[in-house]
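The next block holds one structure in the form of structure tokens; read it before the comments.
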Amino acid sequence: MKRQELAPAKVNLTLDVGARRPDGYHEVVSVMQSVALYDTVTMESGMGEGISLTCDDAAIPADGSNLAWRAAEVFFRTTGVACDGLHITLEKSIPSQAGLGGGSSDAAAVLRGLRKLYAPELPMEALERMGMELGSDVPYCVRGGTALAEGRGERLTPLPPLPRCHVVLCKPAFSVSTPDLFERIDGV
């Protein structure tokens, strides 16, 4: 069986970063919004054994370090569903290390797609909990839309959708990973 999911980019309309927590994360308060820039994630089941992944961007890892791959591992482990050979194909449009949640959104798309393929009765909240194992933005990316994110990003409150509008996204020639960004904040 084959399933394709869109993985929309997210923007932080607001972002307040608080103190570092004992678990190493920071307290955040952010209004997040999905935008019409997206990766395409295709999952094909029954492909032999284990998990495999290909990506049209050679700079993106195509192994167990990729969040999409890790999302599949979390899904199968948490649900107890046996993996019958899953191949994931990522078609990237969201630039990496741009603060747009591309990897998180790809992981969320895998969780949503696997739910539809293997466990349609599974509530979306269960996918959000699985997403917390992968990263702070993944639960939001499972849900999408407009939301207030608090804590380390796991406490989500839906907000009224923004009116239709245009957003200009500019990515400079350099990249900054999210962990590096938060380390810089701590160094201030």
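The values are calculated or read from the model by the stated rules, or taken from the named source; none is laboratory data. As the structure is a computational prediction, the values presented were derived from the model and not from experiment. Because the Cβ atoms are built from the backbone with ideal geometry, glycine has one as well, and the counts that use them run over all protein chains shown. Each accessible area value is taken on the protein alone, full model and side chains, heavy atoms only, with ligands, DNA and RNA left out. Shrake-Rupley method; radii C 1.70, N 1.55, O 1.52, S 1.80 Å.
So here's what we get for this one:
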item	result
Loop-resident sites, the stretch 129-182, for trypsin sites (Lys or Arg not before Pro), counting at most 13 other Cβ within 10 Å (DSSP)	R164
1.4 Å probe accessible area per residue over the chain, in Å²	53 Å²
Amide N of the stretch 64-99 lying under 12 Å from the label point, which is placed 7 angstrom from the Cα of E44 along Cα→Cβ	86-90
Given 12 as the ceiling on other Cβ atoms within 10 Å, longest exposed-site-free region of the chain for GluC sites (Glu not before Pro) in DSSP loops	50-120
Contact order normalised by residue count of the chain, Cα under 8 Å, 6+ apart, percent	24 percent
Backbone HN-Hα couplings from phi across the stretch 68-73 [Karplus 6.51/-1.76/1.60, Hz, Gly and Pro as x]	5, 4, 4, 4, 5, 4
Share of carbon and sulfur in the accessible heavy-atom surface of the chain [1.4 Å probe, %]	55 percent
Net charge contributed by nearby residues that have their C-beta within less than 12 Å of G113 (K/R +1, D/E -1)	+2
Around I88: net Lys/Arg minus Asp/Glu count, Cβ-Cβ under 12 Å	-4
Counting DSSP beta bridges with both ends in the stretch 1-155, the antiparallel % (nearest 5)	85 percent
Computed helical MRE - 222 nm, the chain, DSSP H runs ≥ 4 contributing -39500 (n - 2.57), nearest 500	-9000 deg cm²/dmol
Chymotrypsin sites (Phe, Trp or Tyr not before Pro) restricted to the stretch 95-188 and DSSP loop, no more than 11 other C-beta within 10 Å	F174
Convex hull of the stretch 1-139 built on C-alpha atoms - directionally averaged projected area, nm²	8.6 nm²
Total charge dipole magnitude, the stretch 1-143, about the Cα centre, Cβ charges on Lys, Arg, Asp, Glu only, Debye to nearest 20	240 debye
Cα-based reach from K2 at 20 Å (exclusive), listing lysines while leaving out same-chain residues under 8 positions away	K92, K116
Leading residue at positive end of dipole, the chain (Cβ point charges), from M132, L6, G24	L6
Choice from M132, M32, M47 showing the highest fluctuation, given a GNM over the chain with Cα pairs closer than 10 Å	M47
